[in-house]
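> I'd like to ask some things about the structure below.
Bear in mind that the values in this text are calculations on the coordinates, not laboratory data. None of the values given here were measured: they were computed from a predicted structure. Neighbour counts are summed over all protein chains in view; Cβ atoms, including those assigned to glycine, are modelled from backbone coordinates with ideal geometry.
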Amino acid sequence: MATVKLYNVKESKLVDYEVISENGEIIATHKDSFIKFPGGLTAKQFKKLVDEHNKVNADQVPISEKELKEQEDIEAKNLALLKSLE
Amino acid sequence: MAATFEFNEDNGTQTGSPLKGTTRTTAVTQVNWKNIDDVATAYTASPITAGANSFSKYTFGKFTGTFNSVGSGLFAHTAGTLGTGLTLKSAVTTTYATPTTTAVAAFSTDITTAIAITSGATVLFSTVGPEGASPTTSIATAGYSQYLGTQLQTTGSAAAGDIGSITLTLRYNEN
């Protein structure tokens, strides 16, 4: 199985993605995440896109699962409040 | 006085120099990724088949009114989660390309995961338009953000039906 190291924002690190060709595209998968690349690339073009991906995504700071849950709870309360005002 | 803000979206074949969309829709209130390149069509009428991609979207901010300065722009996915088989790609750019369902190589930022807005992508501004060739960190008269390009990509494992709502934030400072 072909693999490539890609930056995973959720895990905040470079991880191995398995790479397949499907529906005319290159799809790199890792656990429940995937990154698509256009089909028909040369090795040099593919490496350039991988390098670009790893460069532009490395500075993202993911919100924790706890913070996301808190956001969702607040949103649910807001919607409930609005519904009560209708 | 304060700036007046609204989201706009470009659609259609790339045209002009610098390139922009043939159609510009003002006062856009949603971004629904779908299998058609427009604002108006309901997403339910043009769903994305699992394994395919949405048409690429070119949303941007428009600032009117009187203000001293609008700047320090950041763009990110800041709330909500996308399910299995879904990836949201993005690029903040001045380059408009005719929307396509092909995976857009230029959309290299993976914004599938919600992040802190402070670590979002830098957004520049122009008085010319989102396509303005020399965008700056701030503007002092009416103008636009760069394009906030996005594309929802899917695999066959994507669940049928609507995706959950997520929040994409364009943050800017005004004084």
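> Using R₀ = 25 Å, calculate the FRET efficiency as 1/(1 + (r/R₀)^6) where r is the Cβ-Cβ separation of residue B:102 and residue A:29; round to 0.05.
0.85
> Residue B:29 label point, 7 Å along Cα→Cβ, cut-off 13 Å on backbone N: hits in the range B:1-23?
Under cut-off, by backbone N: B:7.
> Efficiency by 1/(1 + (r/R0)^6): what FRET value for residue B:19 and residue B:175, r their Cβ-Cβ distance, R0 = 41 Å, to the nearest 0.05?
For R0 = 41 Å, the calculated efficiency reads 0.80.
> May I pose another question? Does the range B:1-64 come out rounded, prolate or oblate, given a ≥ b ≥ c as the square roots of the eigenvalues of its C-alpha gyration tensor, rounded meaning a/c under 1.5 and, failing that, prolate meaning a/b above b/c?
It is oblate, given that a/c is not under 1.5 and a/b is not larger than b/c.
> Distance check, please: which entries in A:10/B:20; A:69/B:57; A:10/A:55; A:36/B:20; A:55/B:20; A:48/B:89 exceed 23 angstrom between their Cα atoms?
Exceeds cut-off: A:10/B:20; A:69/B:57; A:36/B:20; A:55/B:20.
> Now a separate question. Checking a compactness column here: for the protein assembly as shown, what do you get for Rg(Cα) / (2.2 N^0.38 Å), N being the number of residues?
1.02
> Also, I was wondering about something else. Report, to two decimal places, the Cα Rg of the range A:33-86 normalised by 2.2 N^0.38 Å (N = number of residues).
That works out to 2.01 for the range A:33-86.
> Work out Dmax and Rg for the range B:50-175 from the C-alpha atoms and quote the Rg first, both in angstrom.
When restricted to the Cα atoms of the range B:50-175, Rg and Dmax are 15.4, 49 Å.
> Give the Debye-formula value of log10 I(q)/I(0) at each listed q (0.10, 0.12, 0.22 Å⁻¹), with one equal scatterer per alpha carbon of the range B:1-117, two decimals each.
The Cα Debye sum returns log10 ratios of -0.34, -0.50, -1.51.
> Angle, helix A:65-85 long axis vs. longest principal axis of chain A, Cα atoms, 0 to 90°, nearest 10?
That helix lies at roughly 40 degrees to the long axis.
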